[in-house]
Amino acid sequence: SPSPSPSPGWSHCDSNQDGWPSFQSQSDLQGSIWASYFQKVYGAVPSSGYPICIEHFWTLYWEVVQSIGYNDKSMSSNCPSSEGDWYKNQNGYQRDTISWIYHPIPSNGFPSNTWHEVHHGKVSGEVNTAWFMSGTGSGIFLWLG
């Protein structure tokens, strides 16, 4: 499989960011508290792939979000009701460090021969298989050959 691209699909931004921040350039992101989030999750502030819209992410590490001092939105432990809602509990397979930004489930899946961000679900008895869930924002990439 090829190396992951430097821009893992962040540049998709809708007109409504549902209260989440967006960044038009690297310097815009570097001037934000979210620069620390990207450094902790991805190892660096990206140099390409702008605009980057946090609302486009599906997964956030809630402890990292809290550590950077973000408090413009509050995280719920209940099921989401609207696009862009930030919530903690999605299913029993998620890691305790994961939180979610609500989006409708994509009906077309994801294209073959691309890198996609995922996270590994905690499934007991995994011996010959591995279960992954879509998670743009996780910093973990899986090749969809």
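Quick one: which residue in VAL127, VAL123, VAL45, VAL41 is at negative phi, in contact with a helix residue (DSSP H, G or I) (Cβ under 7 Å, 6 or more places away or on another chain) and either of a type in the set (Asp, Glu) or part of a loop (DSSP other than H, G, I, E, B) (or both)?
Values: VAL127 fails: in contact with a helix residue (DSSP H, G or I) (Cβ under 7 Å, 6 or more places away or on another chain); VAL123 fails: in contact with a helix residue (DSSP H, G or I) (Cβ under 7 Å, 6 or more places away or on another chain); VAL41 fails: either of a type in the set (Asp, Glu) or part of a loop (DSSP other than H, G, I, E, B) (or both).
Only one candidate qualifies: VAL45.
Go through the stretch 1-51 and give me each residue that's loosely packed, with under 12 Cβ neighbours inside 10 Å, under 17 Å from SER138 (Cα atoms) and at pLDDT 70 or above.
Hits for the stretch 1-51 are GLY43, ALA44.
What do you reckon, is TYR70 under 20 Å from ALA44 (Cβ atoms), more than 14 Å from the chain's Cα centre (by Cα) and not polar (S, T, N, Q)? Explain how you work it out, then say what you get.
On the way: under 20 Å from ALA44 (Cβ atoms): yes; more than 14 Å from the chain's Cα centre (by Cα): yes; not polar (S, T, N, Q): yes.
Judged against the criteria, TYR70 is a match.
Would you check which residues across the stretch 115-145 are touching a residue at least 40 places away in the same chain (Cβ under 8 Å), of a type in the set (S, T, N, Q) and more than 20 Å from GLN39 (Cα to Cα) and list them?
Selection gives SER134 alone.
Quick one: what pairs do we get from the stretch 84-98, first residue within 13 Å of VAL65 (Cα to Cα), second at pLDDT 70 or above and of a type in the set (A, V, I, L, M), C-beta under 8 Å, 6+ apart or different chains?
Partner pairs satisfying both residue conditions: TRP86/LEU60; TRP86/MET75; TRP86/ILE101; TYR87/MET75; LYS88/MET75; ILE98/LEU60.
State whether one or more residues within the stretch 61-81 are of a type outside the set (Gly, Ala, Ser), out of contact with any helix residue (DSSP H, G or I) (no Cβ under 8 Å at 6 or more places or on another chain), surrounded by 14 or more Cβ atoms within 10 Å (Cβ to Cβ) and at pLDDT 85 or above.
Quick first cut of the stretch 61-81, residues of a type outside the set (Gly, Ala, Ser) only: 61-66, 68, 70-73, 75, 78-80.
Subset that is out of contact with any helix residue (DSSP H, G or I) (no Cβ under 8 Å at 6 or more places or on another chain): 62-63, 66, 71-73, 78-80.
From the residues that got through so far, the ones that are surrounded by 14 or more Cβ atoms within 10 Å (Cβ to Cβ) too are 62, 73, 80.
From the residues that got through so far, the ones that are at pLDDT 85 or above too are 62.
Yes, some residue in the stretch 61-81 is of a type outside the set (Gly, Ala, Ser), out of contact with any helix residue (DSSP H, G or I) (no Cβ under 8 Å at 6 or more places or on another chain), surrounded by 14 or more Cβ atoms within 10 Å (Cβ to Cβ) and at pLDDT 85 or above.
The values are calculated or read from the model by the stated rules, or taken from the named source; none is laboratory data. All values derive from a computational prediction rather than experimental measurement. When we count neighbours, we look across all protein chains shown, and the Cβ atoms used for this are built from the backbone with ideal geometry, even at glycine.
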